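Read the structure below first, then the notes.
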Amino acid sequence: MKRYKLLIGFILLGLFCLPYLKADQKTDELYTRRFAFLVGANHGGEDRVTLRYAIDDAKEVQKVLEEMGGILPDDSCFLANPSREVFFKEIKTLAEDVKQAKKNFRRVEVIFYYSGHSDEENLFLGRERVSYLEFKDLITSLGADVRIGILDSCASGALTLPKGVIKKPPFLMDTAYDMKGYAFITSSSATEAAQESSRLKRSFFTHNLISGMRGAADRNQDGRITLNEAYQFAFDGTLNQTEKTMAGPQHPSYHIEMSGTGDVVITEIWKSTAVLVLKKDVAGKIYIHNKDNVLVVELNKMAGQEISIGLDSGPYRIISIDDSAIWEATVSLESGKSSELVQAKFSQADKIPTQLRGNLPVSIPEPKARRASRWRIEISGGFSSINPGDLNLRATFDDLYDTFYGEDYFQYQVQQGEIDSFVKTNDGGKAHLLRHSIPVGIRLRYGITNWFDISFGFNYFTSARESNYKNTFEVFELEGSPALYSDEFLSYTLSAKGYVPSVGIHLGKRITPSLRLEGFLTGGPLFAECSYYLDWSSGWPVVDSSGDFGNLKEGFLEEKGRGSGLALQVGAKLDYDFAKHYGLFVEGGYAYQAVSEISGPGIRSMTSHRETWEGDWGIKQDIRERPWGTASFLWPSNAWVVSQGTWWRARDFELNLSGFQVRLGIYFRF
């Protein structure tokens with residue numbers, strides 16, 4: 001009986017203690033709710049340069065806080081280039097959210113981040129301003145237990161200047177976590193500019209802050225990045241990287257009004273999607289690049305310590321630089337797992353040879369973002385649509401002329417009762433028009449920046465269409481045998497070609513490590529030529545013949561012209577790198593290529609005579625009135641000697657060889 005009573009007592013005691021045991025097992029997440037308010041403002045008004053990376057900086061900080069900082073997506077507010085009205089409206093909403101959260105959670109924390117323009121007194125939201133006094137009152141008046149403000153902007157250190165307040169050591173280092181109050185961290189002092197880096201593609205301060213939050217700042221290797229650790233890492237990295245910039249060194253600063261014990265934890269490494277563990281034997285200046293070759297984390301690592309970095313899943317390239325060599329390794333991180341990287345997985349990379357100017361102490365420079373050689377040569381060929389209307393008018397004229405003096409004439413004779421009927425036979429169709437050209441070119445390019453190139457090129461294009469056709473008429477007389485008439489074009493050729501020395505500009509961006517997309521505009525003088533050649537013969541029967549050809553007339557006509565004009569080409573281009581020094585590209589666009597005046601020689605040879613001339617090209621017009629009808633003819637020519645007929649100059653001739661182009665080519669870097 002006593003045993004049963006004892007057993008029942010233990011059970012009751014366990015049930016009584018169970019809530020307390022469960023409470024001890026809960027993590028701080030069940031007691032703390034954290035909010036984030038992030039603002040990126042590239043625009044600071046008409047008198048200030050538009051920033052390139054402020055919005056991207058804010059997005060990246062938001063990403064890290066959501067992945068590793070215990071902030072739910074619904075508790076994160078991001079504003080890009082907001083107005084003052086929107087800014088204060090969202091702050092008011094945040095204050096209400098904090099007020100409601102205080103009813104259900106033991107602790108409520110708010111992290112505010114701003115990246116943009118500022119001066120000694122204000123944050124800039126486009127043309128509008130938010131004063132430091134307003135901003136500080138907004139942050140400090142929030143009902144949260146912890147309020148942290150981080151400003152990455154010029155002269156933001158004016159916010160942290162002590163005004164009757166004794167500055168304390170930055171942050172306490174106890175393992176307990178019971179801090180309350182507010183803290184402000186700024187990227188620069190009150191008199192300094194906050195600087196961006198095209199190599200990092202973000203600001204120096206935010207780049208180092210994010211590197212620290214992902215794990216590089218974990219000095220005591222407990223897997224948790226505190227506010228003190230993140231600030232100290234950002235301070236050291238920012239100062240080190242800006243000491244030799246044109247704007248000069250940049251000193252982050254801080255101001256804190258907190259009480260309690262411990263330090264505020266900003267991120268926890270093991271909450272990230274994946275973890276990269278740099279083992280103890282890895283040492284030196286470490287650069288971690290993602291699949292897009294973007295530098296996401298950099299740190300100085302001492303041998304003998306193990307550092308964990310929280311990252312997204314996917315492939316990464318890691319560069320390690322020590323006193324002896326440059327090392328490179330690749331690793332693919334899996335979601336929910338950690339991957340270890342030891343020195344044995346690195347392979348030595350080749351150093352780029354340089355020539356020092358002077359006897360400077362040898363040091364290993366920080367690696368810059370990988371950039372292709374500045375010079376390259378491109379060779380291409382392709383297809384272009386053209387429609388030189390004035391030149392093609394010659395083929396149209398010859399076809400109409402043959403119809404007017406052939407089918408129309410014999411049809412009239414049938415109507416007049418002079419012949420019984422006729423049959424037309426065509427062999428070879430008719431004269432072909434110019435509809436396309438074949439462009440080829442060579443281009444020498446020089447890269448001014450990663451996104452801007454200039455080029456010097458030479459392009460050549462040619463187009464020619466040759467025809468061979470014959471029209472035969474079998475005429476049935478009222479009495480007697482049929483008679484045969486024929487017009488044969490033994491060779492009928494229209495041709496054009498052009499030469500274009502050009503200069504161009506190219507604006508591009510790499511969309512993957514191997515692909516680069518760009519737009520371009522090139523232009524230069526156009527030196528063009530065109531020609532028309534006709535080799536013909538005509539046959540008809542003698543009056544007393546029985547159908548055999550008794551008369552034959554033949555000859556040829558050739559007209560040439562040349563002139564100069566303007567060529568412009570606009571389009572888009574896609575490069576694909578096969579190797580470090582060569583690749584393929586495809587480009588397409590529209591080419592304007594026109595010459596308004598051309599001139600040249602001409603020659604006509606017939607059975608009875610031969611003549612030559614020199615003249616400018618124009619469009620002739622001729623109206624022929626015959627018993628069977630009236631015809632109006634237009635055709636291009638440089639022959640202006642009137643022998644017979646009523647033709648006159650209708651207008652000037654234009655050689656327009658414009659059209660859409662597609663090219664495929666290969667390029668070589670050197």
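For segment 618-631, which positions are surrounded by 12 or more Cβ atoms within 10 Å (Cβ to Cβ) and not charged (D, E, K, R)? So that I can check it myself, show each step before the final result.
Restricting attention to segment 618-631, the residues satisfying the condition of being surrounded by 12 or more Cβ atoms within 10 Å (Cβ to Cβ) are 618-624, 626, 628-629, 631.
Across segment 618-631, the qualifying residues are G618, I619, Q621, I623, W628, G629, A631.
Among the residues that make up segment 636-647, is at least one of them on the phi > 0 side of the Ramachandran plot and surrounded by fewer than 12 Cβ atoms within 10 Å (Cβ to Cβ)? Yes; the residues of segment 636-647 include at least one that is on the phi > 0 side of the Ramachandran plot and surrounded by fewer than 12 Cβ atoms within 10 Å (Cβ to Cβ).
Mind counting the residues in segment 144-159 that are outside any strand (DSSP E or B) and modelled with pLDDT of 85 or more? Break it down into steps so the answer makes sense when it comes.
Taking segment 144-159 as the starting set, the residues that turn out to be outside any strand (DSSP E or B) are 144-145, 153-159.
Those still in the list that are modelled with pLDDT of 85 or more too: 144-145.
Matching residues across segment 144-159 total 2.
Being part of a strand (DSSP E or B) and either over 24 Å from R562 (Cβ atoms) or modelled with pLDDT of 90 or more (or both) holds for only one residue in G519, G547, and it is G519.
Which of the residues that make up segment 433-473 are among the aromatic types (F, W, Y), part of a strand (DSSP E or B) and either surrounded by fewer than 17 Cβ atoms within 10 Å (Cβ to Cβ) or free of Cβ contacts under 8 Å to residues at least 12 places away in the same chain (or both)?
First, the residues of segment 433-473 that are among the aromatic types (F, W, Y): 446, 451-452, 456, 458, 460-461, 469, 473.
Checking the rest, the ones that are also part of a strand (DSSP E or B) come to 446, 452, 456, 458, 460-461, 469, 473.
Hits for segment 433-473 are Y446, F452, F456, F458, Y460.
N240 satisfies every condition listed in (1) buried (at least 16 other Cβ atoms within 10 Å of the Cβ); (2) not in a strand (DSSP E or B) except (1).
Scan segment 369-376 and tell me whether some residue there is within 30 Å of N459 (Cα to Cα), surrounded by 10 or more Cβ atoms within 10 Å (Cβ to Cβ) and modelled with pLDDT of 90 or more.
We begin by selecting, within segment 369-376, every residue within 30 Å of N459 (Cα to Cα); these are 371-376.
Of the ones still in play, those that are also surrounded by 10 or more Cβ atoms within 10 Å (Cβ to Cβ) are 371-376.
Cutting the leftovers down to modelled with pLDDT of 90 or more gives us 375-376.
Among the residues of segment 369-376, at least one is within 30 Å of N459 (Cα to Cα), surrounded by 10 or more Cβ atoms within 10 Å (Cβ to Cβ) and modelled with pLDDT of 90 or more, which makes the answer yes.
Looking only at residues in segment 276-306 that are over 34 Å from the mean Cα position of the chain (by Cα) and part of a strand (DSSP E or B), the one that is nearest to L333 (Cα to Cα) is V277.
Can you list the strands (runs of 3 or more DSSP E) lying wholly within segment 593-661 that have 1 or more residues being more than 30 Å from G523 (Cβ to Cβ), of a type in the set (S, T, Y) and outside the structural domain of L521 (by TED's automatic domain parsing)?
Per the criteria, 599-606, 610-616, 629-637.
As a summary of the residue check, F397 satisfies the conditions (1) in contact with a Phe, Trp or Tyr (Cβ under 8 Å, 6 or more places away or on another chain); (2) at pLDDT below 50 except for the one numbered (2).
If we scan segment 40-50, do we find a residue that is modelled with pLDDT of 90 or more, under 15 Å from V130 (Cα atoms) and either out of contact with any Gly (no Cβ under 6 Å at 6 or more places or on another chain) or assigned to a helix (DSSP H, G or I) (or both)? Yes, there is a match, as at least one residue in segment 40-50 is modelled with pLDDT of 90 or more, under 15 Å from V130 (Cα atoms) and either out of contact with any Gly (no Cβ under 6 Å at 6 or more places or on another chain) or assigned to a helix (DSSP H, G or I) (or both).
Here is a list: S259, S197, S253, S189. Which entry is farther than 30 Å from K345 by Cα, out of contact with any Ser or Thr (no Cβ under 8 Å at 6 or more places or on another chain) and in the same structural domain as Y132 (by TED's automatic domain parsing)? Residue meeting the stated conditions: S259.
Listed here are the residues, each with its yes/no results for (1) among the hydroxyl-bearing types (S, T, Y); (2) surrounded by 18 or more Cβ atoms within 10 Å (Cβ to Cβ); (3) over 27 Å from the mean Cα position of the chain (by Cα).
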| position | (1), (2), (3) |
| --- | --- |
| F35 | no, yes, yes |
| I55 | no, yes, no |
| R107 | no, yes, yes |
| I111 | no, yes, yes |
| S115 | yes, yes, no |
| D137 | no, no, yes |
| A144 | no, yes, yes |
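Report yes if L200 is outside any helix (DSSP H, G or I), modelled with pLDDT of 70 or more and at negative phi, otherwise no. Spell out the reasoning first.
Numbers: outside any helix (DSSP H, G or I): yes; modelled with pLDDT of 70 or more: yes; at negative phi: yes.
Yes; evaluated as a whole, the condition is true for this residue.
Residues of segment 94-122 that are within 28 Å of G70 (Cα to Cα) and assigned to a strand (DSSP E or B): R107, V108, E109, V110, I111, F112, Y113, Y114, S115. Set side by side, the residues F489, F476 differ, and just one is closer than 30 Å to G555 by Cα and in contact with a Ser or Thr (Cβ under 6 Å, 6 or more places away or on another chain), which is F476.
Which one is modelled with the lowest pLDDT, of the residues in segment 203-234 that are among the hydroxyl-bearing types (S, T, Y) and in contact with a Ser or Thr (Cβ under 8 Å, 6 or more places away or on another chain)?
Just the residues of segment 203-234 that are among the hydroxyl-bearing types (S, T, Y), to begin with: 203, 206, 211, 226, 231.
With the extra rule that they be in contact with a Ser or Thr (Cβ under 8 Å, 6 or more places away or on another chain), the set shrinks to 203, 206.
Details: S203: 84, T206: 90.
Step by step, filter segment 203-234, then rank; the result is S203.
When E60, E90 are checked against the criterion of being of a type in the set (D, E, K, R), in a helix (DSSP H, G or I), in the same structural domain as G212 (by TED's automatic domain parsing) and more than 32 Å from the chain's Cα centre (by Cα), E90 stands alone in meeting it. In the set (1) surrounded by fewer than 17 Cβ atoms within 10 Å (Cβ to Cβ); (2) under 57 Å from the mean Cα position of the chain (by Cα); (3) at pLDDT below 95, the condition left unmet by I379 is number (3). Screening the candidates F489, F476 for the property of being surrounded by 18 or more Cβ atoms within 10 Å (Cβ to Cβ), assigned to a strand (DSSP E or B), touching an Asp or Glu at 6+ places or on another chain (Cβ under 8 Å) and among the aromatic types (F, W, Y) yields one hit, F489. Given the structure, is I210 crowded, with 20+ Cβ neighbours inside 10 Å and under 24 Å from D56 (Cβ atoms)? Here the answer is yes, as I210 does meet what is asked.
Quick check: anything in segment 560-569 touching a Phe, Trp or Tyr at 6+ places or on another chain (Cβ under 6 Å), at pLDDT 95 or above and of a type in the set (S, T, Y)?
Keep residues of segment 560-569 that are touching a Phe, Trp or Tyr at 6+ places or on another chain (Cβ under 6 Å), which gives 561, 564, 568.
Right, trim to at pLDDT 95 or above and you get 561, 564, 568.
Filter again for of a type in the set (S, T, Y), leaving 564.
The answer is yes; a qualifying residue exists.
The values are calculated or read from the model by the stated rules, or taken from the named source; none is laboratory data. What you see is a predicted model, and the numbers here were worked out from it, not measured in a lab. Every residue, glycine as well, gets a Cβ built from its backbone with ideal geometry; the counts of neighbours run over all protein chains shown.
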